[in-house]
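To start, the structure itself, in C-alpha coordinates.
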Amino acid sequence: MNRGVNRQPVFFGDQDRVEFGRLLGVIHQDFGVETHAYCLLDNHYHLLLHCPDGGLSTAMKMLGSIFTRHVNDRVGRDGPLFRGRFHSRHIEHDPYLLNVVRYIHLNALDVAGVQTVESYRWSSHRTYLGHRTRPDWMRTDFILDQFGGLPSSFDDFVSAESEQRTVARAMPPGALLAAIGLVIAQHEVQLPQSTRPFERVIGVLIAQEL
(Lines give C-alpha, C1' and ligand atoms only; values in the text may rest on other atoms or scores of the structure.)
Protein backbone atom coordinates (compact mmCIF):
# COMPACT_ATOMS: atom_id res chain seq x y z
CA MET A 1 0.00 0.00 0.00
CA ASN A 2 0.98 3.62 -0.38
CA ARG A 3 -0.56 6.90 0.62
CA GLY A 4 -0.47 10.44 -0.73
CA VAL A 5 1.86 13.06 0.71
CA ASN A 6 0.25 14.56 3.84
CA ARG A 7 -2.74 12.26 3.17
CA GLN A 8 -3.58 14.32 0.08
CA PRO A 9 -5.37 12.70 -2.89
CA VAL A 10 -3.49 10.55 -5.36
CA PHE A 11 -6.55 9.88 -7.54
CA PHE A 12 -8.25 13.07 -8.68
CA GLY A 13 -10.68 11.45 -11.11
CA ASP A 14 -11.75 8.20 -12.71
CA GLN A 15 -9.18 8.63 -15.48
CA ASP A 16 -6.41 8.43 -12.89
CA ARG A 17 -7.72 5.11 -11.60
CA VAL A 18 -7.99 3.81 -15.16
CA GLU A 19 -4.38 4.84 -15.76
CA PHE A 20 -3.30 3.07 -12.57
CA GLY A 21 -4.95 -0.12 -13.85
CA ARG A 22 -3.15 0.28 -17.16
CA LEU A 23 0.15 0.51 -15.30
CA LEU A 24 -0.63 -2.69 -13.41
CA GLY A 25 -0.80 -4.23 -16.87
CA VAL A 26 2.56 -2.71 -17.77
CA ILE A 27 4.36 -4.14 -14.74
CA HIS A 28 2.68 -7.48 -15.40
CA GLN A 29 4.06 -7.48 -18.94
CA ASP A 30 7.52 -6.16 -18.05
CA PHE A 31 8.12 -7.85 -14.68
CA GLY A 32 5.59 -10.66 -14.44
CA VAL A 33 3.80 -9.03 -11.50
CA GLU A 34 0.43 -10.67 -10.85
CA THR A 35 -2.32 -8.71 -9.09
CA HIS A 36 -4.59 -10.81 -6.86
CA ALA A 37 -6.55 -7.97 -5.24
CA TYR A 38 -6.71 -4.20 -5.28
CA CYS A 39 -8.66 -1.27 -3.88
CA LEU A 40 -8.11 2.30 -5.02
CA LEU A 41 -9.23 4.99 -2.56
CA ASP A 42 -8.91 8.76 -2.94
CA ASN A 43 -5.63 9.20 -1.10
CA HIS A 44 -4.15 5.69 -1.03
CA TYR A 45 -4.25 2.27 -2.60
CA HIS A 46 -4.00 -1.37 -1.52
CA LEU A 47 -2.56 -4.12 -3.69
CA LEU A 48 -2.03 -7.85 -3.22
CA LEU A 49 0.77 -8.76 -5.62
CA HIS A 50 2.80 -11.81 -6.54
CA CYS A 51 6.08 -11.43 -8.41
CA PRO A 52 7.36 -14.93 -9.28
CA ASP A 53 10.47 -13.62 -11.06
CA GLY A 54 11.41 -11.03 -8.42
CA GLY A 55 11.94 -7.35 -9.14
CA LEU A 56 8.87 -6.15 -7.26
CA SER A 57 10.59 -3.03 -5.89
CA THR A 58 11.76 -2.03 -9.38
CA ALA A 59 8.28 -2.63 -10.78
CA MET A 60 6.59 -0.56 -8.08
CA LYS A 61 9.11 2.24 -8.47
CA MET A 62 8.32 2.40 -12.18
CA LEU A 63 4.57 2.31 -11.53
CA GLY A 64 4.84 5.12 -8.98
CA SER A 65 7.02 7.38 -11.10
CA ILE A 66 4.96 7.00 -14.30
CA PHE A 67 1.68 7.43 -12.42
CA THR A 68 2.98 10.54 -10.62
CA ARG A 69 4.01 12.05 -13.95
CA HIS A 70 0.57 11.25 -15.40
CA VAL A 71 -1.27 12.91 -12.51
CA ASN A 72 1.03 15.94 -12.39
CA ASP A 73 0.66 16.53 -16.13
CA ARG A 74 -3.10 16.06 -16.06
CA VAL A 75 -3.98 18.28 -13.11
CA GLY A 76 -1.11 20.76 -13.36
CA ARG A 77 0.69 19.94 -10.14
CA ASP A 78 4.37 19.46 -9.37
CA GLY A 79 6.44 17.38 -6.95
CA PRO A 80 6.03 13.94 -5.36
CA LEU A 81 2.58 12.40 -5.19
CA PHE A 82 3.24 9.60 -2.68
CA ARG A 83 4.71 9.91 0.81
CA GLY A 84 7.61 7.60 -0.03
CA ARG A 85 8.34 3.98 -0.80
CA PHE A 86 5.37 1.62 -0.79
CA HIS A 87 4.70 -0.37 2.40
CA SER A 88 4.71 -4.14 1.99
CA ARG A 89 4.22 -7.36 3.94
CA HIS A 90 5.29 -10.85 2.88
CA ILE A 91 2.45 -13.41 3.02
CA GLU A 92 3.33 -17.03 3.75
CA HIS A 93 0.09 -18.60 5.05
CA ASP A 94 -3.23 -19.15 3.25
CA PRO A 95 -5.42 -17.96 6.18
CA TYR A 96 -3.47 -14.68 6.28
CA LEU A 97 -3.71 -14.42 2.48
CA LEU A 98 -7.50 -14.72 2.54
CA ASN A 99 -7.75 -12.24 5.39
CA VAL A 100 -5.64 -9.73 3.43
CA VAL A 101 -7.91 -10.04 0.37
CA ARG A 102 -10.91 -9.50 2.61
CA TYR A 103 -9.25 -6.54 4.33
CA ILE A 104 -8.37 -4.93 0.98
CA HIS A 105 -11.92 -5.24 -0.36
CA LEU A 106 -13.53 -4.02 2.87
CA ASN A 107 -11.62 -0.75 2.56
CA ALA A 108 -14.30 0.27 0.08
CA LEU A 109 -16.72 0.71 2.99
CA ASP A 110 -14.62 3.66 4.21
CA VAL A 111 -15.74 5.65 1.17
CA ALA A 112 -18.65 7.99 1.86
CA GLY A 113 -21.87 6.69 0.34
CA VAL A 114 -20.62 3.13 -0.27
CA GLN A 115 -22.98 0.71 1.45
CA THR A 116 -21.72 -2.65 0.15
CA VAL A 117 -18.35 -3.98 -0.98
CA GLU A 118 -19.91 -5.15 -4.23
CA SER A 119 -21.10 -1.67 -5.19
CA TYR A 120 -17.65 -0.04 -5.18
CA ARG A 121 -16.29 0.32 -8.71
CA TRP A 122 -12.59 0.63 -7.94
CA SER A 123 -11.76 -2.63 -6.20
CA SER A 124 -11.28 -6.16 -7.51
CA HIS A 125 -14.31 -7.51 -5.67
CA ARG A 126 -16.65 -7.13 -8.64
CA THR A 127 -14.13 -8.98 -10.81
CA TYR A 128 -14.15 -11.89 -8.36
CA LEU A 129 -17.94 -12.00 -8.58
CA GLY A 130 -17.87 -12.06 -12.38
CA HIS A 131 -19.49 -8.62 -12.75
CA ARG A 132 -16.44 -7.25 -14.56
CA THR A 133 -14.18 -8.80 -17.19
CA ARG A 134 -10.93 -9.97 -15.62
CA PRO A 135 -7.93 -8.12 -17.08
CA ASP A 136 -4.89 -10.11 -18.20
CA TRP A 137 -2.78 -8.73 -15.35
CA MET A 138 -5.09 -10.05 -12.64
CA ARG A 139 -5.52 -13.55 -11.18
CA THR A 140 -8.64 -14.66 -9.34
CA ASP A 141 -8.30 -18.44 -9.67
CA PHE A 142 -5.95 -18.98 -6.73
CA ILE A 143 -8.22 -17.24 -4.22
CA LEU A 144 -11.45 -18.64 -5.65
CA ASP A 145 -10.02 -22.16 -5.47
CA GLN A 146 -9.99 -21.73 -1.68
CA PHE A 147 -13.79 -21.42 -1.92
CA GLY A 148 -14.39 -24.31 -4.29
CA GLY A 149 -14.35 -21.93 -7.24
CA LEU A 150 -17.63 -20.36 -6.08
CA PRO A 151 -17.76 -16.54 -6.27
CA SER A 152 -20.81 -16.56 -3.99
CA SER A 153 -18.85 -18.30 -1.23
CA PHE A 154 -16.04 -15.80 -1.61
CA ASP A 155 -18.56 -12.96 -1.42
CA ASP A 156 -20.02 -14.42 1.78
CA PHE A 157 -16.53 -14.62 3.29
CA VAL A 158 -15.76 -10.98 2.50
CA SER A 159 -19.14 -9.56 3.47
CA ALA A 160 -20.33 -11.66 6.41
CA GLU A 161 -19.64 -10.17 9.83
CA SER A 162 -19.56 -13.68 11.33
CA GLU A 163 -16.30 -14.43 9.54
CA GLN A 164 -14.50 -11.83 11.64
CA ARG A 165 -14.72 -14.15 14.67
CA THR A 166 -13.03 -17.11 12.97
CA VAL A 167 -10.16 -15.63 10.98
CA ALA A 168 -7.87 -14.95 13.96
CA ARG A 169 -8.39 -18.47 15.33
CA ALA A 170 -7.25 -20.05 12.05
CA MET A 171 -4.11 -17.96 11.58
CA PRO A 172 -0.65 -19.10 12.73
CA PRO A 173 0.87 -16.73 15.33
CA GLY A 174 3.41 -15.29 12.89
CA ALA A 175 0.72 -14.55 10.32
CA LEU A 176 -1.49 -12.92 12.96
CA LEU A 177 1.36 -10.63 14.03
CA ALA A 178 1.98 -9.69 10.39
CA ALA A 179 -1.73 -8.90 9.95
CA ILE A 180 -1.65 -6.67 13.03
CA GLY A 181 1.37 -4.88 11.60
CA LEU A 182 -0.49 -4.33 8.34
CA VAL A 183 -3.39 -2.63 10.12
CA ILE A 184 -1.01 -0.50 12.21
CA ALA A 185 0.75 0.66 9.04
CA GLN A 186 -2.57 1.34 7.30
CA HIS A 187 -3.78 3.67 10.03
CA GLU A 188 -0.32 5.13 10.74
CA VAL A 189 -0.79 4.60 14.46
CA GLN A 190 1.64 6.61 16.56
CA LEU A 191 2.97 4.05 19.03
CA PRO A 192 4.77 4.84 22.29
CA GLN A 193 8.42 3.92 22.63
CA SER A 194 8.69 0.45 24.11
CA THR A 195 11.18 -2.39 24.36
CA ARG A 196 8.36 -4.83 23.51
CA PRO A 197 7.13 -5.03 19.88
CA PHE A 198 3.68 -3.45 19.90
CA GLU A 199 2.34 -6.07 17.46
CA ARG A 200 3.04 -8.76 20.06
CA VAL A 201 1.26 -6.82 22.80
CA ILE A 202 -1.85 -6.58 20.62
CA GLY A 203 -1.49 -10.27 19.70
CA VAL A 204 -1.48 -11.27 23.37
CA LEU A 205 -4.63 -9.24 23.98
CA ILE A 206 -6.36 -10.91 21.04
CA ALA A 207 -5.31 -14.33 22.33
CA GLN A 208 -6.76 -13.56 25.75
CA GLU A 209 -10.03 -12.40 24.17
CA LEU A 210 -10.31 -15.58 22.07
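The values are calculated or read from the model by the stated rules, or taken from the named source; none is laboratory data. These numbers were taken from a predicted model, which means no experiment stands behind them. Cβ atoms come from the backbone with ideal geometry, glycine included; neighbour counts cover every protein chain shown. To get the accessible areas, we keep the full protein, side chains included, count just its heavy atoms, and leave off ligands, DNA and RNA. Shrake-Rupley method; radii C 1.70, N 1.55, O 1.52, S 1.80 Å.
Quick notes on this one:
- Beta carbons closer than 7 Å, at least 6 apart along the sequence or on distinct chains, never pair a first residue in the range 138-153 that is acidic (Asp, Glu) with a second that is open to solvent by less than 70 Å² (accessible area, probe 1.4 Å).
- Qualifying residue in the range 58-68 (condition: modelled with pLDDT under 95 and among the small types (Gly, Ala, Ser)): no
- Residues of the range 116-143 that are in a helix (DSSP H, G or I), over 17 Å from the mean Cα position of the chain (by Cα) and under 20 Å from Ser159 (Cβ atoms): Ser119 alone.
- Top-ranked residue in the range 70-90 [being out of contact with any Leu (no Cβ under 9 Å at 6 or more places or on another chain) and part of a helix (DSSP H, G or I); ranked as surrounded by the fewest Cβ atoms within 10 Å (Cβ to Cβ)]: Asp73
- Considering (1) over 17 Å from Trp137 (Cβ atoms); (2) β-branched (Val, Ile, Thr); (3) buried (at least 17 other Cβ atoms within 10 Å of the Cβ), the lone condition that Val5 does not fulfil carries the number (3).
- Of all residues in the range 15-61, those satisfying the criterion of being in a loop (DSSP other than H, G, I, E, B), open to solvent by 20 Å² or more (accessible area, probe 1.4 Å) and at negative phi are Asp42, Asn43, Cys51, Pro52, Asp53.
- Test: residue in the range 128-148 that is at pLDDT below 95, open to solvent by less than 70 Å² (accessible area, probe 1.4 Å) and closer than 20 Å to Ala108 by Cβ: no
- Any hit, the range 104-111, residues being in contact with a strand residue (DSSP E or B) (Cβ under 8 Å, 6 or more places away or on another chain), among the hydrophobic types (A, V, I, L, M, F, W, C) and surrounded by 14 or more Cβ atoms within 10 Å (Cβ to Cβ): yes
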